[in-house]
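Worksheet: one structure, shown below.
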Amino acid sequence: MTQYIVAHDVGTGGNKAVLVDTSGNVCAVAFQAYPVHYPRPDWAEQEPEDWWHAVATTTRAVLEKAGVSPRDVLAVVYATQMLGIVPMGQDGEVLRRAIIWLDARAPQQAERIMRRFGGRRIFARVAGAEISGKDGMPKILWLKENEPHIYRGMSCFLDVNGYLTYRATGRMVFEWSCASAFALDLKKKDWMRGLLRYLGIDVGKFLPLVRSVDQVGGLTAEAARACGLLEGTPVFGGCGDVSAAAVGAGAIQDGDGHICLGTSGWVGVVTRKTLTGRHGVACIQSADPQKILLLAEMETAGVCLKWVADQFYRHEQADPNIPNVYALMDRDVERIPPGSDYLVCTPWIYGERAPIADTWVRGTFFNLSADHTREHLLRAIYEGVAYNLRWIVEIVEKTFGLPLPVLRVIGGGARSAPWMQIVADVTGRRVETVANPQEAGAVGAALTAAVGLGLYPDFESLRGIVRVERAFEPRPEYRETYALLYRAYQRLYYSLRGLYREVNRVRFRK
């Protein structure tokens, strides 16, 4: 008899429930959106109840779609957006809307933290990167200073994963990978209590820690009724979305690398090495309790293609005879020679985190001439994202000594064969895509729960479960062209970074 795990990929725009069998196959998918609230500039909040309602609704939907009995569901697990803050009162009530990862309200607190450690440069050398108003500790301090009644009244705070686990089981805990985005000591697997005290943050507000593979509890009667499952169905610790995605990509053995190309993007590498982040590359806990995950996040990837679609493909989007404008764009890209006839695009339309941490940079088309067309601009954007990925991969290899000859790619971008070939050609690496690349996060969470259930002995044994669907080899005939344009891409940043700052400091002051 086939048995299943209900995995939830809880994102910013909505929750995706995925019914996964114990062999890692996707059997049903359901999605429900929820809003982001922007009460002030740079603020971004969500209602935790919206997350839970979406989880309950989509759980019922996938069971109905697949015709699966609740008796055949072995477990529930979450892969979630990270860095959320849900202040909880003494009686288990939510004290305010959640402050989510997208929120950037605490730049002053971030600056003060870095000054206490000797300034931006010293802090970055010690911690691996500067922190910003989007990070967790600055936001906790912001609550203490700006909403003291909330800070004093909260017995603890939960993140997105912790809140949903609490709603499911009645237990309040913090999972390792999610905690590592706040203040987890990756060696001791405990909160950095000394650091928290030094910053004036109450250590008592930080919850007991659990691993991704730990069974936190079973569904309460109330949660089971809401989700259409059996009371007592096991709920596992789960993990943050990035850590889950690495498992779903099959990049789980020591030194395996993967790329996610969604709205934003990242390069991640799992390793047993004890490392400290540098050059904008952060170290967080892997879903595998025995490993850490090097993470380099780029702010924009697929959103650049959306910009092109919205600005240059409006008529095609409105044409009922064109069901998928992105498939059309893929065909257009293949009509343009590699290198886009020496047109280079920097895709930093929202600033950048990696390979360069710079909030002032923006997109640029370099070497534009009258013989370039709309399709040249399009291909240059595909290639610009690939140049960014190459830069990150080279930092990982040279700085951390982790060679990446093969890159697994997940996310919506993995469905674009022309883009995958461009990434292979630009980076000089073999690129592999997996089945159901847009469900990789949920599949990774489900397989994590499968390890917790004892269905698989360890994470290494999952490698054969995640199937490679296509592979793309770099084509040597385009190596020199891309090497030239990649050097130009890097030099564009160093040549223009002062100008970006000068112009945009005035622009965003208005």
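The values are calculated or read from the model by the stated rules, or taken from the named source; none is laboratory data. As the structure is a computational prediction, the values presented were derived from the model and not from experiment. Positions of Cβ are backbone-derived with ideal geometry, glycine not excepted, and every protein chain shown enters the neighbour counts.
Beta carbons closer than 6 Å, at least 6 apart along the sequence or on distinct chains, pair a first residue in segment 349-363 that is of a type in the set (A, V, I, L, M) and crowded, with 23+ Cβ neighbours inside 10 Å with a second that is modelled with pLDDT under 85 and assigned to a loop (DSSP other than H, G, I, E, B) for 354/280.
If you go through segment 276-331 and keep only what is farther than 16 Å from residue 256 by Cα, of a type in the set (S, T, N, Q) and buried (at least 22 other Cβ atoms within 10 Å of the Cβ), you end up with just 300.
Being modelled with pLDDT of 95 or more and surrounded by 12 or more Cβ atoms within 10 Å (Cβ to Cβ) is a property that residue 463 lacks. Please verify whether residue 392 is within 22 Å of residue 297 (Cβ to Cβ), of a type in the set (A, V, I, L, M) and touching a helix residue (DSSP H, G or I) at 6+ places or on another chain (Cβ under 8 Å), treating the condition exactly as stated. Answer is no for this residue.
Restricting to segment 137-181, and then to whatever is basic (Lys, Arg) and assigned to a helix (DSSP H, G or I), can you tell me which residue is farthest from residue 234 (Cα to Cα)? Steps first, please.
Narrowing segment 137-181 to residues basic (Lys, Arg): 139, 144, 152, 167, 171.
Those left that are additionally assigned to a helix (DSSP H, G or I): 139, 144, 152, 167.
Values: 139: 32, 144: 36, 152: 33, 167: 13 Å.
Among those residues, the one meeting the criterion is 144.
For the residues 240, 204, the requirement of being modelled with pLDDT of 95 or more and under 30 Å from residue 436 (Cβ atoms) singles out 240.
For segment 336-344, the criterion of being in the same structural domain as residue 492 (by TED's automatic domain parsing), free of Cβ contacts under 8 Å to residues at least 40 places away in the same chain and at negative phi is met by at least one residue.
The helices (runs of 4 or more DSSP H) falling completely within segment 398-510 that include 1 or more residues that are outside the structural domain of residue 19 (by TED's automatic domain parsing), under 27 Å from the mean Cα position of the chain (by Cα) and small (Gly, Ala, Ser) map to 417-427, 440-452. Report whether or not residue 69 is among the hydroxyl-bearing types (Ser, Thr, Tyr) and under 29 Å from residue 278 (Cα atoms). Here the answer is no, as residue 69 does not meet what is asked.
Selection over segment 1-35 of residues that are within 30 Å of residue 138 (Cβ to Cβ) and surrounded by 15 or more Cβ atoms within 10 Å (Cβ to Cβ) gives a count of 9. Among the residues making up segment 240-257, those that are assigned to a helix (DSSP H, G or I) and not charged (D, E, K, R) are 242, 243, 244, 245, 246, 247, 248. Screening residue 357 against (1) under 27 Å from the mean Cα position of the chain (by Cα); (2) more than 24 Å from residue 260 (Cβ to Cβ); (3) among the small types (Gly, Ala, Ser) leaves a single unmet condition, (2). Is it the case that segment 104-127 has a residue that's among the charged types (D, E, K, R), assigned by TED's automatic domain parsing to the domain that holds residue 35 and within 21 Å of the chain's Cα centre (by Cα)? Within segment 104-127, one or more residues are among the charged types (D, E, K, R), assigned by TED's automatic domain parsing to the domain that holds residue 35 and within 21 Å of the chain's Cα centre (by Cα).
Tell me, please, whether a residue that is touching a Gly at 6+ places or on another chain (Cβ under 6 Å) and either outside any loop (DSSP other than H, G, I, E, B) or of a type outside the set (Ser, Thr, Tyr) (or both) can be found in segment 107-119.
Checking segment 107-119: at least one residue is touching a Gly at 6+ places or on another chain (Cβ under 6 Å) and either outside any loop (DSSP other than H, G, I, E, B) or of a type outside the set (Ser, Thr, Tyr) (or both).
The set of residues from segment 200-212 being in contact (Cβ under 8 Å) with a residue 40 or more places away in the chain and within 10 Å of residue 176 (Cβ to Cβ) comprises 211, 212. Contact map, segment 307-318: first residue under 13 Å from residue 374 (Cβ atoms), second residue loosely packed, with under 15 Cβ neighbours inside 10 Å, Cβ cut-off under 7 Å, separation 6 or more or different chains; pairs are 309/317; 312/374; 316/322.
For segment 182-239, a tally of residues being among the aliphatic types (A, V, I, L, M) and in a helix (DSSP H, G or I) returns 7.
Report, by residue number, each residue of segment 490-510 that is charged (D, E, K, R) and either touching a residue at least 40 places away in the same chain (Cβ under 8 Å) or over 17 Å from residue 347 (Cβ atoms) (or both). Break it down into steps so the answer makes sense when it comes.
Keep residues of segment 490-510 that are charged (D, E, K, R), which gives 491, 497, 501-502, 505, 507, 509-510.
Answer for segment 490-510, where residues must be charged (D, E, K, R) and either touching a residue at least 40 places away in the same chain (Cβ under 8 Å) or over 17 Å from residue 347 (Cβ atoms) (or both): 497, 501, 502, 505, 507, 509, 510.
Condition check: touching a Pro at 6+ places or on another chain (Cβ under 8 Å) and either of a type in the set (A, V, I, L, M, F, W, C) or within 19 Å of residue 476 (Cβ to Cβ) (or both). Does residue 415 satisfy that? No; evaluated as a whole, the condition is false for this residue.
For the condition touching a residue at least 24 places away in the same chain (Cβ under 8 Å) and either over 12 Å from residue 4 (Cβ atoms) or among the basic types (Lys, Arg) (or both), residue 55 qualifies.
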